[in-house]
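A short worksheet on the structure shown next.
The values are calculated or read from the model by the stated rules, or taken from the named source; none is laboratory data. Bear in mind the structure is a predicted one, so any value in this text is a computation, not a measurement. Every residue, glycine as well, gets a Cβ built from its backbone with ideal geometry; the counts of neighbours run over all protein chains shown.
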Amino acid sequence: MKITEEKLQEQELKAKFQDASQLGFGRIFTDRMFTMRYANNEWTEAKIEKYKNFTLDPSACVFHYSQEIFEGMKAYAAEDGRILLFRPEQNVRRMNNSAARLVMPTIPEEDMLQAIEELVLAEKNWIPRAAGTSMYIRPTMIATEAFLGVHPSAEYTFFVILSPVGAYYKGGFQPVKLYVEDTFVRAAVGGVGDIKTGGNYAASLMAGYRAQQKGFSQVLWLDAKERKYVEEVGAMNMFFVYGNKLVTPALSGSILPGITRASVLELAKHLGLTAEERTISIDEVIEDIATGAITEAFGSGTAAVISPVGSLTFKEKEYVINNNQVGPNTQHLYDTLVNIQYGRQEDPFGWVKEIGRL
Ligand code: PLP
Ligand code: COI
């Protein structure tokens with residue numbers, strides 16, 4: 001794919017962040033973005049241009065019927081200056097699955113990867129190097145046709161923006177408190193819970209907001225039909241640790257097939273742990289926390305990495321896990337995963353892709 005690159009003048013460039021250790025998540029964006037338009041059944045005008053506002057017709061489909069999908073991935077700066085992506089082909093594949101589900105056009109995998117890699121390289125001066133920081137990459141597709149009928153749009157914009165980030169949760173690598181939501185649901189089987197579309201997050205806001213008001217980091221969702229089986233957390237998949245065994249909810253059709261989740265499952269086996277994917281009820285979880293059978297719990301996600309879970313609150317009662325401390329298996333999985341992602345440790349899985357140097 002031919003990507004044209006707009007030259008930016010020195011005075012158009014933004015001031016860089018001062019202190020990478022204070023970055024937080026998703027508020028700072030780089031100087032450039034990638035954009036490409038879909039019209040007349042083809043992708044055209046692939047370009048890296050100045051990061052700027054879009055001009056869209058107020059009747060554009062995305063504003064009314066949420067025909068939108070996105071991905072979340074990261075570029076990591078290794079200590080020796082290599083720029084690394086983590087399993088980027090998985091994100092590209094999932095983006096195309098999301099597109100197909102919402103009747104949006106797919107993008108050839110190699111073109112999407114090229115767009116992401118060229119943009120990251122054009123913006124490599126923005127990749128932060130402080131411990132725990134990375135460049136978050138947000139590929140997104142929106143429906144842009146100006147039409148109020150409910151139908152798949154004939155026109156789209158695909159874009160990629162970049163945000164230098166630190167920890168997703170304010171406390172960093174500290175156990176988070178989750179609220180088990182037994183009224184609202186995030187997604188039902190047959191819906192779109194297993195793809196990355198904005199509507200899933202809109203549907204989650206009320207429960208998330210209420211939980212935050214009560215001092216929780218996020219909600220733990222239960223299944224839509226019976227409010228009985230554990231699904232996932234707002235922005236991560238869920239793992240329970242039973243000694244040397246991990247249990248994570250099976251891909252039910254209504255949870256996101258997380259790339260970090262899949263990686264943790266493989267990593268666990270590599271580290272000599274056993275791992276099970278199965279349905280797990282909230283009653284079983286509560287019971288197993290109470291008896292101490294569950295020794296640790298954590299969530300997994302690109303933004304959240306591996307986040308220890310310190311307690312679950314279900315029907316107004318708090319169940320504390322591992323005395324609200326980071327457990328040894330959680331720590332070991334976290335250390336191994338980030339060491340691979342940052343190129344500090346050999347990658348026996350072929351997950352890390354070097355795309356250039358700082
Ligand atoms: N579940 C939800 C709802 C998410 O938004 C995310 C984040 O992308 C995940 C799980 C974890 O997915 P991944 O590990 O691919 O980032
Ligand atoms: C990610 O982890 O990349 C996500 O997309 C989570 C997000 C909604 C912040």
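A few comments on the model shown:
- Residues in the range 312-327 that are part of a helix (DSSP H, G or I) and out of contact with any helix residue (DSSP H, G or I) (no Cβ under 9 Å at 6 or more places or on another chain): ASN323, ASN324.
- Some residue of the range 261-271 being within 16 Å of ligand 2 (Cβ to nearest atom), touching a Gly at 6+ places or on another chain (Cβ under 9 Å) and part of a helix (DSSP H, G or I): yes
- Condition check for GLU316: within 23 Å of the chain's Cα centre (by Cα), of a type outside the set (S, T, N, Q), away from ligand 1 (no atom under 16 Å from the Cβ) and in the same structural domain as ALA187 (by TED's automatic domain parsing): no
- Selection of the range 228-260 for residues being under 19 Å from ALA187 (Cβ atoms) and assigned to a loop (DSSP other than H, G, I, E, B) yields LYS228, GLY234, ALA235, ALA250, LEU251, SER252, GLY253, SER254, ILE255, LEU256, PRO257, GLY258.
- Put simply, of PRO88, PRO139, PRO128, PRO108 the only residue that is in contact with an Asp or Glu (Cβ under 6 Å, 6 or more places away or on another chain) and either closer than 16 Å to ALA20 by Cβ or not small (Gly, Ala, Ser) (or both) is PRO139.
- Pairs, first away from ligand 2 (no atom under 16 Å from the Cβ) in the range 272-301, second modelled with pLDDT of 95 or more and of a type in the set (S, T, N, Q), C-beta under 7 Å, six or more apart: LEU273/ASN244; LEU273/ASN329; THR274/ASN244; GLU277/THR248; THR295/ASN322; GLU296/ASN322; GLU296/ASN329; GLU296/THR330
- Entirely in the range 127-212, the strands (runs of 3 or more DSSP E) that have 3 or more residues that are more than 16 Å from ligand 1 (Cβ to nearest atom) and closer than 20 Å to CYS61 by Cα: 156-165
- Residue in the range 245-265 that is β-branched (Val, Ile, Thr), outside the structural domain of MET73 (by TED's automatic domain parsing), touching a residue at least 12 places away in the same chain (Cβ under 8 Å) and away from ligand 1 (no atom under 16 Å from the Cβ) present: yes
- When the test is whether a residue is crowded, with 19+ Cβ neighbours inside 10 Å and within 16 Å of ligand 1 (Cβ to nearest atom), LEU23 does not pass it.
- Of the criteria (1) without any contact (Cβ under 8 Å) to a residue 24 or more places away in the chain; (2) in contact with a Pro (Cβ under 8 Å, 6 or more places away or on another chain); (3) not hydroxyl-bearing (Ser, Thr, Tyr), which one GLY149 fails: (2)
- A single member of GLY199, GLY172 is surrounded by fewer than 17 Cβ atoms within 10 Å (Cβ to Cβ) and out of contact with any helix residue (DSSP H, G or I) (no Cβ under 7 Å at 6 or more places or on another chain), and it is GLY172.
- Count of the range 223-249 residues which are within 14 Å of THR279 (Cα to Cα) and not acidic (Asp, Glu): 14
- From VAL160, VAL103, residue being in contact (Cβ under 8 Å) with a residue 40 or more places away in the chain, in contact with a Pro (Cβ under 6 Å, 6 or more places away or on another chain) and within 14 Å of ARG32 (Cα to Cα): VAL160
- Restricted to the range 47-111, the set of strands (runs of 3 or more DSSP E) holding at least 1 residues that are within 24 Å of ALA143 (Cβ to Cβ) comprises 68-70, 73-77.
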